[in-house]
Structures are given as structure tokens and as C-alpha cells.
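The values are calculated or read from the model by the stated rules, or taken from the named source; none is laboratory data. Here the structure is a predicted model, which means the values were calculated and not measured. Virtual Cβ from ideal backbone geometry, glycine too; neighbours counted across all protein chains shown. SASA here: full protein model, heavy atoms, side chains in, ligands and nucleic acids out. Shrake-Rupley method; radii C 1.70, N 1.55, O 1.52, S 1.80 Å.
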Amino acid sequence: MPTASKVLDRVLVLEMVRVTEAAAIGASTLIGRGDEKAADAAAVEAMREALNGLEIDGTVVIGEGERDEAPMLYIGEKVGSAQGTGPKIDIALDPLEGTTICAKAGPNSLAVLAIGEEGCLLNAPDVYMDKLAVGPGLPEGIIDLDKTPTENVHAIAAAKGVAPNEIIACVLDRPRHEKLIAELRAIGCGVVLIGDGDVAGVIATTNPDTTIDVYMGSGGAPEGVLACAALRCVGGQFKGRLLFRNEDERARARKWGITDLDKQYDLKELAKGDCIFAATGVTDGSLLDGVKRRGKVMTTESVVMRASSGTVRWVKGEHRL
């Protein structure tokens, strides 16, 4: 367990919940309206305003894209009201994880945020990442991206004392995963397909109620770092490797200081030291209930975790309109 950070004061734990609550409430007015961009913009604006109300010297290391791609919460943007004087905080965020989910009123859309001391969160480029994740309680090194999906499933099954056909994997439902899904089903493995929201998919491996044993497949690299911050707090293992489709994406990685483009990252390389992870449900999901409006009251459900203490807090909020 990492040593408690002097920079990440306890008060920041609950402050992070206020930030994700603001983003979730902002996006909630557009649930099911079919407008992904409007929902995302509402969440971004609300999260940025909440972050700027905190007495921190914050830097967005994972955000909405590079400066020329995003007007707010872009990579490198400074947030917080104590620039130069407050604690230096690196911030990884996704104001609306699952924009399509929110637009279609599907499950597991979240407002997500992770913070760490300066230099503790990998400044991951906005490219794909091959991901492999399991929850706590398994032998260290049980998963490896250099092994086949079949080999990883057999290793997990052996560690759990079950047959491979009793293992359930979570995979993003994408055409690029057709071979992966076919291989898993060929060994009798159950496959839970999700349409979006792979942060929630990774975190699901830590919750026995979901029955998900392993997360496999490729998704956004920034979301991989966010998921790792959560796993640092509750336990689990993660392996990630950046995937590049062209030379422009390789150049983007080099721009952010990544030199070994084939490196297999471990959990503690993506999210080092002490960190805090917070998420608020936008729509109902396996992890959290979504935002509900009842008359002049909005209710939210959030989770906030800290790596150094291993503490997980579930927070229900009532917000008067």
C-alpha cells in the first residue's frame, strides 16, 4: 500500500466527489436526448467550473484532447484557484465516460476523475490501448499481454480453482474484437459485451456481484489510466500496451515523452504513488445509480477511493434545485 501523500489532503477526497457530482448533474439533463456532443459539453463545463473552485494548483494530464482539439479541460490546462501557491496536483478526467450511452439512456455512463501528485499519472496520448485487468486476490503476475487470451483465462481459472468455462470476461462490443470473442467462446468462456464505458468494465472485475473475472480488449489509453487509479485503491492487476494505427499517433506519443512504444505497462506504472479516484453515476449501472430528478431535488450516487488508505466511500447526495 502506498504511503499517504502530504499533497493529497483528506479534504480533497470529498472535494473530488463534488466535482464528479457537478459533471454528472450537468450531463443528466441530456440523458436520452440523442445529442452526444451537447451532453459531453454540459459535463465538461460543469466539471471545469467545479475544479476551478478548488484551492489547488492543478494540471490536466488526461483530458478532452490536446489544446487545439478541445476548448476546455484540454491536456496541459491549468485548473484550480491557487496557481503557484496551492498543492500541485495532476488530474486525469473524463467528464462523461460513455457519451453514446448517455445520449441513448443506456447503462454505466459515468463522470470520472482521478488525481495524484505531480508526475504520478501517466500522460497517456489519446490512442488505443490493449488492456487486461483482473480484480484483487489473485497471485501477482497472473495476467500478461504477451500470452494468448486462452492462456490468460486458463491461468485465472487455475488460480481461482475453477474450470476455464466458468470464467466470465468483459469485452467492448466492437468489430475489432471478433477474433477475441470467438477465441473466448471456443474455450467455453462467458463473454459480457458492453457498448461503451470501459472504465466501468475494468472496475467491474473488482466487484463479485458483477460475476466478471477479467476485462480484455482494446479501448482508449486515457480511460486505461483512469481505471488503474481505481484499481490502485481497491486492488487488482492491470496490463496495458499502447496501440498505434499510424505514424501520427506514434508522433503524438513521443510528444508526451513516451519513448518505448511497445512497452507493456503495469498498474503501478500507469498510476503511481498515492491517488484518489472518484466517479458519479450519470445513468444507472453495475457500479452506481444514475442521476434522478424528483420534483425540485436531484439525487446522485458516487464512489470515492484513496490508494494509501484503501478506503472506499459510497456517497449519496441530494441537490436542491
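Checking the condition closer than 30 Å to T29 by Cα and either in contact with an Asp or Glu (Cβ under 6 Å, 6 or more places away or on another chain) or basic (K, R) (or both), which residue from L110, L121, L93 passes?
Values: L121 fails: closer than 30 Å to T29 by Cα; L93 fails: either in contact with an Asp or Glu (Cβ under 6 Å, 6 or more places away or on another chain) or basic (K, R) (or both).
Result: L110 is the single residue among L110, L121, L93 that is closer than 30 Å to T29 by Cα and either in contact with an Asp or Glu (Cβ under 6 Å, 6 or more places away or on another chain) or basic (K, R) (or both).
State the number of residues belonging to region 225-259 that are of a type in the set (F, W, Y) and either open to solvent by less than 30 Å² (accessible area, probe 1.4 Å) or assigned to a helix (DSSP H, G or I) (or both). Steps first, please.
Kept after step one, since they are of a type in the set (F, W, Y), are these residues of region 225-259: 238, 244, 256.
After this cut, where a residue has to be either open to solvent by less than 30 Å² (accessible area, probe 1.4 Å) or assigned to a helix (DSSP H, G or I) (or both) as well, the list is 238.
Of the residues in region 225-259, 1 are of a type in the set (F, W, Y) and either open to solvent by less than 30 Å² (accessible area, probe 1.4 Å) or assigned to a helix (DSSP H, G or I) (or both).
Could you count how many residues in region 1-32 are among the hydroxyl-bearing types (S, T, Y) and open to solvent by 30 Å² or more (accessible area, probe 1.4 Å)?
Step one: of region 1-32, the residues among the hydroxyl-bearing types (S, T, Y) are 3, 5, 20, 28-29.
Then drop every residue that is not open to solvent by 30 Å² or more (accessible area, probe 1.4 Å), which leaves 3, 29.
Qualifying residue count, region 1-32: 2.
Listed residues D274, D262; which is modelled with pLDDT under 95, among the acidic types (D, E), open to solvent by less than 10 Å² (accessible area, probe 1.4 Å) and under 26 Å from Y128 (Cα atoms)?
On the way: D262 fails: open to solvent by less than 10 Å² (accessible area, probe 1.4 Å).
After applying the criteria, what remains is D274.
A quick yes/no check of all residues on (1) under 15 Å from the mean Cα position of the chain (by Cα); (2) under 22 Å from L231 (Cβ atoms); (3) acidic (D, E); (4) surrounded by fewer than 24 Cβ atoms within 10 Å (Cβ to Cβ):
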site: P71; (1), (2), (3), (4): no, no, no, yes
site: G80; (1), (2), (3), (4): no, no, no, yes
site: G98; (1), (2), (3), (4): yes, yes, no, no
site: E117; (1), (2), (3), (4): no, yes, yes, yes
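Starting from region 152-181, take each residue that is surrounded by 14 or more Cβ atoms within 10 Å (Cβ to Cβ) and list its partners that are at pLDDT below 95 and of a type in the set (S, T, N, Q), counting only C-beta distances under 7 angstrom and pairs at least six apart or across chains.
I168/T211
May I ask you to list the residues in region 47-66 that are over 18 Å from E118 (Cα atoms), open to solvent by less than 20 Å² (accessible area, probe 1.4 Å) and in a helix (DSSP H, G or I)?
If we filter region 47-66 for residues that are over 18 Å from E118 (Cα atoms), which is where we start, we get 47-50, 53, 64-66.
Retained after the next criterion (residues that are open to solvent by less than 20 Å² (accessible area, probe 1.4 Å)): 47, 65.
Scanning region 47-66 gives a single hit, M47.
Please enumerate the residues belonging to region 301-321 that are in contact with a helix residue (DSSP H, G or I) (Cβ under 8 Å, 6 or more places away or on another chain) and small (G, A, S).
Within region 301-321, S302, A307, G310, G317 qualify.
Does V304 satisfy the condition of being within 21 Å of I115 (Cα to Cα), touching a Leu at 6+ places or on another chain (Cβ under 9 Å), assigned to a strand (DSSP E or B) and open to solvent by 30 Å² or more (accessible area, probe 1.4 Å)?
Values: within 21 Å of I115 (Cα to Cα): yes; touching a Leu at 6+ places or on another chain (Cβ under 9 Å): yes; assigned to a strand (DSSP E or B): yes; open to solvent by 30 Å² or more (accessible area, probe 1.4 Å): no.
Taking the combined requirement at face value, the residue does not satisfy it.
For region 82-96, how many residues meet the condition of being open to solvent by 50 Å² or more (accessible area, probe 1.4 Å) and either polar (S, T, N, Q) or closer than 14 Å to A46 by Cα (or both)? Even if it seems obvious, please write down each step before you answer.
Filtering region 82-96 down to residues open to solvent by 50 Å² or more (accessible area, probe 1.4 Å) leaves 83-85, 88.
Next, only the ones that are either polar (S, T, N, Q) or closer than 14 Å to A46 by Cα (or both) stay: 83, 85.
Total satisfying the criteria: 2.
Let me confirm something: among T210, T206, T148, which residue is modelled with pLDDT of 95 or more and of a type in the set (S, T, Y)? Working first, answer last.
Numbers: T210 fails: modelled with pLDDT of 95 or more; T206 fails: modelled with pLDDT of 95 or more.
Result: T148 is the single residue among T210, T206, T148 that is modelled with pLDDT of 95 or more and of a type in the set (S, T, Y).
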